[in-house]
Amino acid sequence: MAEATKKDMPTETAENMVTLTINGRETTVPKGTTVLQAAKELGVHIPTFCWHPKLKPVGACRMCYVEVEKMPKLQVSCALEVMDGMVVHTDSDTVKQGRKAIIEFILLNHPLDCPTCDKGGECDLQNLTFAHGVDDSRFEFQKYRFVDEGMTTTFDDRRIGPEIILNRNRCILCYKCVRANKEAFGEYDLGVYERGSIAEINAAPGEQVDNPFSGNLVEICPVGALTNSDWRYKIRVWLTSTTPSICNYTSSGINTLFFKENHHNKIYRVTSRPSDDIDDGWLPDVTRYGYQIVNSPDRLTTPLVKKEGKQVEATWEEALEIIGKRFGEIKERLGGVCVGALVSPGLDNASLHAASRLMRVGFKSNNIDFRGDYRYLPESSESPFMRLCSRPFKIADIDDSDVIVTFGSDLIREHANEYLRIRKAFNFGNARIFAVNPYQTKSADVSSLELVYLPGTEESVVNGICLAAIEDNLVDAKRGEKFKLKTPTKSSAEAAKVSGVDRESLRTVAEALAEGKKITFFTGEIITRSRQRDLIASALINLHRLFGLKGRAQMSALARYANSKGAEKLGLLPNPRTVVVDKLRGLWGEYPESPARNTDAMMALIKKEEIKGFLILGSNPVMLYPDREFVKEGIEKLDFLVVADLFETETTELADVVLPLASWAEYEGYYVNLEGRTQKAARAVKPIGQAKPGYEIASLIGEALDPEMFQNEQQIHSEVRQLLELDSVIAYPDDFLEVKADTDGSQGDYNLPLYIIDDWHHSGHLTEKAPSLANFASEPYIEIPPQLASELKIAHGDSVRVESEVGKVILPARISEHTQNNVVLVPRNFSSSNVTSLLMRKKRVDRVKISKVDE
Amino acid sequence: MNEVLKAVGNIFLKMPKGFVVTFKHLFKKPITLDYPRKKNPMTARYRGKHYLERYDDGTERCVCCGLCAAACPADAIYMEPEENEKGERRAKMYEINLLRCIFCGFCEEACPEEAIFLGQVYEFSEDNRNSFIVGKDDMLVPHPRKDNPLKRIYRRVRRVYGVTDKSK
């Protein structure tokens, strides 16, 4: 609401300001503010049920009654706009009486089963009844009860989704859940049915409430009508204490709050910690339920050491002794360059930096990378793609952008929080939103125009937009001439033909970009995962230059993981920028001159047996690197592999020493979100078993190699602080860049593009261990567009054989609701899917053929 | 001589006078109790060991809401809820530490389901501290409520005639 009115609000000039009196205090607020907000700004508390700061007001509960002089009746302050000279009383006897009556009225049919209700102790209705209500009811009749057929319980609890449980008797019909679902998330799986006193909130007929933001509905419910099985009958809220933290699955650094219990050393749930700059108080389900992996009984608790081909439990001393000995041998015999490391971008700054120091000072090797699931990474840190990545980006700026372009990103799956921002701009602002993707996505439902290009033709789309602008004189002609020299595509019609997007659409985008005053333009994972990311980035940099977007646009490639940005800034790349290298040399007094290898190069060298020892912190390349055979063969050839992770994974199976890693909830860590904002995740619980945080593991390994290598937490943090202070933005080049179109060769029979995605409710390789998220999806599947499915006679749930040039897997089919064009999607989050064995790292677009398995 | 007479006088005159009280009590009902064969009846509002009530159909009344634990000034109650077969809330674990408990009866007052009561049992003696932590099984009243009358008579006979109970 606050945002909604602020949007339409005129600027704060004198004639747009309104003066009113609330409880005898005068205040001046902009026109269009509601009385409730004005009172809030004054610090006057008005009780509410149905009002939510991020939703439009409805005035359903009428709890926010105020008395306005010269108005005959009590007024609903949440929906009443301020007027000049208004005199408002929020605490008069009439108001008190009104509130009492409303509470009595709401309680008419409310079951008063607080002892069994999970909301008990944090319930708005409980609190407000205590504060404003009466202690007895005059209602002498039977309370109305919703009763389901064949219901066996005394309560009316029914599951309306994999996680959500609805109790219609407790509902006070504030409509907050339905409004949030519709306005904020764009979902229509929950609605109000029937009328009058028997009106009920329920799932849409035949549907389940399983949208990726459904957890928020439970959080905003003022009573216990919506609860989730995550928190159901676990613990009373007053027995828990809270710890502020941030999300480890998304790159936005969504602010969260852990509810934990110290005696059990256990986290019980996660709720939002609203921050208007980042998350607006909405959490995607992966953030809300993903914490469950911390409490998982499958966690690694002790180090494992391989003895006679079998991994057996060992103590830290034993494990470190072996690591020190074996790494020491390799270092002495072949030099430190024969050791490599791969770290997870989900680790905190200190862990990343400690790993970097271990490699660069301990081994004098530059073989370190944090991108374990991307192929053909850019060699240089100043490549066009890295330049694009380094551009500043502000999440809050999406709100008032008038043109928003999302390029190659299935937003909900990878940047759920930004999707909600864009939806807000779509609902409350007047932004023109363009979704440019190789397949139709659900996220595109907020776009004014969806451009679907043929897979692997990203640069043609961008060039097409530029050429359309030049041809229609939307940009400076001189720049247009210069641009034309650098691109092989001659006209927008040609680009349209290559990319499969019609020219009119390209022109519409060009027009919007030329006119837009505040533009947000970002690329997502489809671009980042592409082998030709540099080419696409060059095209985008050209577009930036051609349209003169400097100063009126934020254009960036968004980071994917919780601390990807931090890893970039701390120089976890094989070739960090010169500023970072100089700083590191200053801090350590030395910096290795050895050749730098990124993930692909390291894997290739492992296969050639040039890298003998390898350290993996929190990463799972066997499952996530887009060429499983390549990685697996390589890793099996290693002399010595150390893996630290939360769980036993495909990678830990191959390791000589497995170390238990502490999760982000178990130590204090700092993470840099995609805006470059450093945020703290405090320690909520003690590490499970003997697990240790990443920085400690790196420091201990360093110490095992050379006792002088050890660094304590303070030393690491002070170095990290100095590194983060460096300016990370890399300037764009002064001229247009060369963009050569590139395509894979023909792939014969294999002609169906395959995209590896994240499931709606999963992220990375760990979330399948969270029971609540597994309730949404626990099995791998292949998403097939409906017309292709009908062509091949594949029904929902059928087994489908997916073949590529290198591999074959069998997956159950799921008919896509959103994708119409010819691509298939497979989630990468389930270890049983083996989907990466279909991929080849050299391909730009992976192509497969599918057929139904006859039983 | 005088002193001898005095002593004899004391024996025959003063001692019986003193023994009058003793002899009087010989014919009075004793105020001590033949514990543990006989037990003092407690008043109806005595606050002894806790017990947990059931509904008539045998369902536990306790829903594990945690209000008794919240009200407990000695922090003697610990509980963990769970979901029963019907989807209702009930206690998976309900423990009272009788060594911590001060028998104030706040739990009884706080209980919104009329599930916990302080009973008449006051005999606590164990040889280790852990045995003072009583669980749900120790506290729930048996269902069906009434014992078999024959069994009760048998137990009583054994108690009166001092036969040791081997089953315990």
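Some points to look at:
- Residues of segment A:798-818 that turn out to be hydroxyl-bearing (Ser, Thr, Tyr) and within 11 Å of A:Ser851 (Cα to Cα), as a count: 1
- Unmet requirement for A:Thr508, which otherwise passes all of (1) assigned to a helix (DSSP H, G or I); (2) touching a helix residue (DSSP H, G or I) at 6+ places or on another chain (Cβ under 8 Å): (2)
- Any chance A:Asp118 is among the acidic types (Asp, Glu), modelled with pLDDT under 95, farther than 24 Å from A:Asn167 by Cβ and outside any helix (DSSP H, G or I): no
Here is a yes/no grid of residues against (1) farther than 24 Å from B:Lys92 by Cβ; (2) surrounded by 21 or more Cβ atoms within 10 Å (Cβ to Cβ); (3) within 14 Å of chain B (Cβ to nearest Cβ):
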| site | (1), (2), (3) |
| --- | --- |
| A:Val218 | no, yes, no |
| A:Gly224 | no, yes, yes |
| A:Thr227 | no, yes, yes |
| A:Arg232 | no, no, yes |
| A:Ile235 | no, no, yes |
| A:Ser245 | yes, yes, no |
| A:Ser251 | yes, yes, no |
| A:Phe258 | no, yes, no |
| A:His263 | no, no, yes |
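- Count - residues of segment A:420-466 that are of a type in the set (Asp, Glu) and farther than 23 Å from A:Ala493 by Cβ: 1
- Scanning segment A:197-219 for residues that are closer than 26 Å to A:Asp410 by Cβ, of a type outside the set (Ser, Thr, Tyr) and in contact with a helix residue (DSSP H, G or I) (Cβ under 9 Å, 6 or more places away or on another chain) yields A:Val209, A:Asp210, A:Asn211, A:Pro212, A:Phe213, A:Gly215, A:Asn216, A:Leu217, A:Val218, A:Glu219.
- Out of A:Leu190, A:Leu125, sole residue that is more than 14 Å from chain B (Cβ to nearest Cβ), crowded, with 20+ Cβ neighbours inside 10 Å, over 30 Å from A:Leu411 (Cα atoms) and modelled with pLDDT of 90 or more: A:Leu125
- The one condition from (1) modelled with pLDDT under 90; (2) part of a loop (DSSP other than H, G, I, E, B) that B:Val157 does not meet is (2).
- Breaking point among (1) part of a helix (DSSP H, G or I); (2) buried (at least 24 other Cβ atoms within 10 Å of the Cβ), for A:Leu347: (1)
- Selected residue [surrounded by fewer than 24 Cβ atoms within 10 Å (Cβ to Cβ) and small (Gly, Ala, Ser)] from A:Ser409, A:Ser356, A:Ser381: A:Ser381
One line per residue, one yes/no per condition, for (1) more than 14 Å from chain B (Cβ to nearest Cβ); (2) outside any loop (DSSP other than H, G, I, E, B); (3) basic (Lys, Arg); (4) within 44 Å of the chain's Cα centre (by Cα):
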position: A:Pro72; (1), (2), (3), (4): yes, no, no, no
position: A:Met83; (1), (2), (3), (4): yes, no, no, yes
position: A:Thr129; (1), (2), (3), (4): yes, yes, no, yes
position: A:Phe141; (1), (2), (3), (4): yes, no, no, no
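- Test for A:Val270: is it more than 14 Å from chain B (Cβ to nearest Cβ), in contact with a Cys (Cβ under 9 Å, 6 or more places away or on another chain) and either at positive phi or among the aliphatic types (A, V, I, L, M) (or both): yes
- Within segment A:609-627, considering residues that are among the small types (Gly, Ala, Ser) and assigned to a loop (DSSP other than H, G, I, E, B), the one nearest to A:Leu347 (Cα to Cα): A:Gly618
- Selection count, segment A:13-70, where residues are more than 20 Å from A:Phe428 (Cβ to Cβ) and in a strand (DSSP E or B): 14
- Checking A:Ala496 against (1) in contact with a strand residue (DSSP E or B) (Cβ under 7 Å, 6 or more places away or on another chain); (2) crowded, with 23+ Cβ neighbours inside 10 Å, the condition it does not meet: (1)
- Within segment A:265-295, the set of residues being surrounded by 21 or more Cβ atoms within 10 Å (Cβ to Cβ) and without any contact (Cβ under 8 Å) to a residue 40 or more places away in the chain comprises A:Arg269, A:Val270.
- Options A:Ser851, A:Ser832: the member that is modelled with pLDDT of 90 or more and among the hydroxyl-bearing types (Ser, Thr, Tyr): A:Ser851
- Residue list for segment A:272-301, restricted to those being in contact with a Gly (Cβ under 6 Å, 6 or more places away or on another chain) and over 23 Å from A:Lys680 (Cβ atoms): A:Asp285, A:Thr301
- Which listed residue, of A:Arg195, A:Arg170, is surrounded by fewer than 21 Cβ atoms within 10 Å (Cβ to Cβ) and either basic (Lys, Arg) or more than 14 Å from every other protein chain (Cβ to nearest Cβ) (or both): A:Arg195
- Test for A:Lys306: is it away from chain B (no Cβ under 14 Å) and of a type outside the set (A, V, I, L, M, F, W, C): yes
- Hits in segment A:217-264 - residues which are among the hydroxyl-bearing types (Ser, Thr, Tyr) and in contact (Cβ under 8 Å) with a residue 24 or more places away in the chain: A:Thr227, A:Ser229, A:Tyr233, A:Thr240, A:Thr243, A:Ser245, A:Tyr249, A:Thr250, A:Ser251, A:Ser252, A:Thr256
Let's see how each residue does on (1) assigned to a loop (DSSP other than H, G, I, E, B); (2) without any contact (Cβ under 8 Å) to a residue 40 or more places away in the chain; (3) aromatic (Phe, Trp, Tyr):
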position: A:Arg545; (1), (2), (3): no, no, no
position: A:Leu549; (1), (2), (3): yes, yes, no
position: A:Met555; (1), (2), (3): no, no, no
position: A:Ala559; (1), (2), (3): yes, no, no
position: A:Ala567; (1), (2), (3): no, no, no
position: A:Leu572; (1), (2), (3): yes, no, no
position: A:Asn575; (1), (2), (3): yes, no, no
position: A:Val580; (1), (2), (3): no, no, no
position: A:Leu584; (1), (2), (3): no, no, no
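- Failed item in (1) under 41 Å from the mean Cα position of the chain (by Cα); (2) more than 14 Å from chain B (Cβ to nearest Cβ), with A:Asp113 passing the rest: (2)
- Qualifying strands (runs of 3 or more DSSP E) (wholly inside segment A:228-316; at least 3 residues being in contact with an Asp or Glu (Cβ under 7 Å, 6 or more places away or on another chain), assigned by TED's automatic domain parsing to the domain that holds A:Asp656 and of a type in the set (D, E, K, R)): none
The values are calculated or read from the model by the stated rules, or taken from the named source; none is laboratory data. Just so it is clear, the model here is predicted, and its values are computed rather than measured. When we count neighbours, we look across all protein chains shown, and the Cβ atoms used for this are built from the backbone with ideal geometry, even at glycine.
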